[in-house]
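All remarks here apply to the structure that follows.
The values are calculated or read from the model by the stated rules, or taken from the named source; none is laboratory data. This one's a predicted model, so the numbers in the text were calculated from it and none came from an experiment. Please note: Cβ atoms are built from the backbone with ideal geometry, for glycine as well, and neighbour counts cover all protein chains shown. For the accessible areas, the whole protein counts, side chains as well, though only heavy atoms, and no ligand, DNA or RNA atoms are used. Shrake-Rupley method; radii C 1.70, N 1.55, O 1.52, S 1.80 Å.
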Amino acid sequence: MTVRPAVSYPDTPPLDPDRPEGASSSRPELDEIYERAPFGLARFNTAGRYEKVNSFLASLHRVPVEAHIGKTAAEVVPGIGERIDRAIADVIRTGERRAISLGPDHERYLAAEIYPILGDGLTLLGVGAIVRDLTPIVRAERVLRDHAAFERLIGRISARLARIPAHEIESGIEEAVGEAARFLRIEHGALLRIGPRDLEWRGIGESRVFRTIRRTRIAWFVEAMREGRVLALSDVRVEMPDSAEGEREVAAAAGVKSLLAFPLSVGGNLSGAIVYWTTENDRQWDAEIVERLLLLSQVLANVLDRRRAEDESSRQREELFHLWRLGTVNQLTATIAHDVRAPLTAIVANAAAAARFLDLPGSSVDEVREALIEIQRDGQRAGDVVARARELLGRREPCLVPIDLPQLLEDTVELAHSTATALGAVVILRIDRPVPPVEGDAAQIQQVVLNLIANAAESMAEATPPPREVLVRCRGEGDQAVVAVEDRGEGLPEGALERLFEPFLTTKEHGLGLGLPLCKAIIERHGGKITAENARPRGAIFRFSLPRAEEDS
Amino acid sequence: MSNGTVYVIDDDRSVCSALRRLLASHGYSVETFLSPSDFLRAYRSPETAACVVLDVGFPGMDGLEFQEQLASVAALPIVFLSGTSDIAKGVRAMKKGAVDFLSKPVAEDVLLPAIEQAIAKDLADRSRREWQQDLRVRWEQLTPREKEVAGLVVSGMLNKQVGLRLHVSEKTVKVHRARVMEKMQADSVADLVRMVDAVGGRGV
């Protein structure tokens with residue numbers, strides 16, 4: 001861009017080429033502005049040497065005003081001066097203004113605008129320069145960039161933690177704390193686990209316990225964490241209260257100089273703390289760092305919270321699925337009993353209250369009515385629990401579809417494997433093909449098979465010498481498919497054989513004895529039969545049959 | 001006139017509501033909470049005698065763990081309500097100072113005596129604490145030398161022995177001793193022994 005002579009800058013000095021250096025200006029107010037401008041101003045002669053500079057520029061250059069006069073920029077400010085001189089030469093040669101940025105020089109960032117000073121007839125009288133100190137702006141930008149980088153770090157951390165398996169979450173958090181510490185150049189960072197009695201302080205990147213401390217010994221610290229306070233101590237020796245004697249000892253033993261601690265609460269309960277500390281030098285924790293690390297600790301607490309909730313629900317799901325799979329009715333009934341107890345408790349208490357209201361002078365019918373309404377509602381609720389349980393117990397009508405029995409048995413044995421292993425038994429499957437096609441409700445048949453396998457495995461759990469095998473066999477017998485589950489346990493007591501499938505007969509300590517009756521009900525609804533007998537030389541065999549499916553159905 | 005405050009902690013709203021109704025009809029002030037942490041957050045030391053009725057088997061916080069946490073905030077007697085009849089847990093809870101361990105559903109004539117007993121225990125605890133507090137104030141009014149004398153007297157020493165130990169005359173010991181008895185408002189040495197033990201002043 002060409003600067004036309006008509007353009008004049010507010011900071012342009014009086015354009016009087018003949019005026020000798022240092023002479024007082026004919027326009028003192030302009031000189032005043034020149035001198036006081038909050039940016040650097042300079043005027044070079046056509047040889048590119050300083051003619052005039054204001055104090056601001058002198059202070060930017062850290063060279064007195066007088067020391068500039070008659071010199072080139074390179075002579076006054078080595079380092080950045082060469083670039084200024086080159087820009088001046090360009091301006092003199094082309095008559096066009098230049099903008100250059102300089103620095104960092106002594107940690108400073110400067111921006112210079114260099115422009116020609118033109119007299120009448122476009123004669124070049126000299127070169128002017130406006131120099132701005134951009135350091136604060138650059139710093140602010142850097143902080144912002146830094147901030148953005150830290151937020152990205154947090155983003156990465158939370159994305160990573162959301163994916164890792166539950167058992168790795170603690171080491172994941174420790175790693176995240178380490179990363180944040182490195183980012184902010186803090187020597188140490190760690191996750192403290194606060195249990196009901198002790199606090200575990202683990203070194204970062206190590207799985208070993210670094211130190212276990214009684215909660216009572218560091219009551220002040222634990223209390224601060226419990227109250228949700230952030231502790232930012234630049235000198236732990238002087239900034240902790242007198243009562244924090246134990247804390248001071250622990251800090252001294254670990255060589256802690258400055259400490260920053262954030263509570264980690266999960267589900268409203270304090271479960272730990274994240275601490276950062278220095279051992280080399282004291283550190284002032286500026287608000288910026290505290291704020292960032294607070295953000296991180298909140299993110300980590302969130303991750304823990306969410307994971308815990310997820311684990312809880314997936315655990316419940318798994319448990320339910322497991323119960324259903326094994327058809328261990330006893331456990332299911334225990335769960336039901338538990339679920340029914342709450343409404344029953346409410347009903348009993350409400351009924352007692354209602355009866356009391358009737359006796360109590362001055363109480364109103366409304367109070368009685370309210371109690372009765374709640375009783376109705378809770379009665380309904382208890383009924384719902386039972387209905388749900390019935391459904392789970394498989395009382396619903398089977399949904400008959402063609403099933404691949406051998407495949408179903410393979411899947412079932414696979415499912416039963418872990419439970420059997422836990423009981424010290426192995427499950428062996430033997431299929432004699434061809435097996436006639438059958439129809440049934442796959443889930444219910446599976447439940448029956450699992451139940452029989454579980455019973456068989458349990459019967460051998462005690463006092464049976466290895467090999468503790470459960471043999472599952474499947475073959476066609478005439479118009480039926482027959483499945484037999486055989487164990488090598490004690491066998492069934494004589495006389496129990498006929499009553500085995502009656503409800504509430506159990507030889508087991510736990511359980512309500514609903515497993516086998518349920519199996520019987522399911523098989524009979526499928527048009528089949530279930531029987532039990534003792535095997536030779538030992539053990540029991542449970543056998544069920546399913547009728548061959550009609551070809552055209 | 002309130003018979004005391006009962007804090008009911010149960011994750012089931014119906015149970016909270018029903019117990020509130022029943023206990024209020026028996027003249028208790030009732031506050032209900034859906035979780036132990038809710039309770040711990042809201043807890044302010046009550047003016048009246050109080051107790052906690054706690055459902056055990058909260059997901060996330062064990063009833064026994066809560067008992068420990070509660071003990072660090074306030075010493076309130078706890079009546080446990082259990083959804084399962086876990087005897088081992090019950091025994092442990094009782095050993096830690098629970099007043100009762102009842103299984104759900106709980107009958108009125110079982111629950112109410114348990115609560116009465118818990119409230120009575122809290123009342124007794126309170127007056128014991130007040131007495132101790134009072135004694136501590138009295139104790140702090142003693143001079144260091146008087147505390148020394150008191151400590152030695154309750155350990156069974158005679159005035160003469162105390163004097164020898166402290167290198168003062170028997171007469172001086174008598175004066176100190178009289179001041180101790182007066183300031184502590186003790187009627188007898190036996191009385192003083194109880195008091196000094198209560199403030200932990202033995203062996204000063």
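Observations, loosely collected:
- The Kirkwood radius of the range A:42-154, taken over pairs of alpha-carbon atoms, gives through the Stokes-Einstein law at 4 °C and 1.567 mPa s a diffusion coefficient of 86 µm² s⁻¹.
- Number of partner chain Cβ atoms within 10 Å, mean per residue of A:348-359: 6
- With the simple model of a label 7 Å out from the Cα in the direction of the Cβ, A:Ile137 to A:Val401 spans 7.0 nm.
- By accessible area with a 1.4 Å probe, ligands and nucleic acids excluded, highest first: order of A:Phe56, A:Phe357: A:Phe56, A:Phe357
- For chain B, the membrane-span-like helix rule (DSSP H, alpha carbon extent of at least 20 Å along the helix axis, mean Kyte-Doolittle at least -1.0) picks out B:108-140, B:170-184; this says nothing about an actual membrane.
- Here is the tail figure for the range A:109-246: Cα pairs spaced more than 17 Å apart come to 76 percent of all pairs.
- Whole-Hz Karplus values for the range A:516-530 come out as 5, x, 5, 4, 4, 4, 5, 5, 5, 5, 8, x, x, 9, 10 Hz, taken residue by residue from phi with 6.51 cos²θ - 1.76 cosθ + 1.60 and θ = phi - 60°; glycine and proline positions read x.
- Per-residue Karplus couplings for the range A:249-259, computed as 6.51 cos²θ - 1.76 cosθ + 1.60 with θ equal to phi - 60°, are listed in order as 5, 4, 5, 5, 5, 8, x, 6, 9, 10, 9 Hz, Gly and Pro entered as x.
- Test item: Cα-centred dipole of the range A:53-180, Lys/Arg +1 and Asp/Glu -1 on Cβ, debye: 280
- Burial order of peptide ranges A:59-67, B:151-159 (average beta-carbon count within 10 Å, highest first): B:151-159, A:59-67
- The protection proxy used here, the mean number of other Cβ atoms lying within 10 Å of each residue, ranks peptides A:446-457, B:118-129 as follows, highest first: A:446-457, B:118-129.
- Inter-label distance for A:Arg185 and A:Ser59, nm, one decimal - labels placed 7 Å from Cα along Cα-to-Cβ: 2.7
- Segment A:Ala67-A:Glu550, extension gain: residue separation times 0.36 nm, minus the distance between their alpha carbons: 162.7 nm
- Per-residue mean of C-beta atoms belonging to partner chains within 10 Å, peptide B:98-105: 3
- Translational diffusion coefficient (Stokes-Einstein; Kirkwood radius from C-alpha pairs) of chain B at 25 °C, 0.890 mPa s, in µm²/s: 125
- The mean of 1/r over all pairs of different alpha-carbon atoms in the range B:102-204, once inverted, gives a Kirkwood hydrodynamic radius of 15.8 Å.
- Among the protein heavy atoms, those of A:Trp201 account for about 20 Å² of accessible surface (1.4 Å probe, every chain in place).
- For peptide B:9-18, the mean count of partner chain Cβ atoms within 10 Å of a residue's Cβ comes to 6.
- Taking the square roots of 5 times each eigenvalue of the Cα gyration tensor of the range A:74-133, largest first, gives ellipsoid semi-axes of 24, 11, 8 Å.
- Loss of accessible area when B meets A, both sides summed, Å² nearest 100, probe 1.4 Å: 2100
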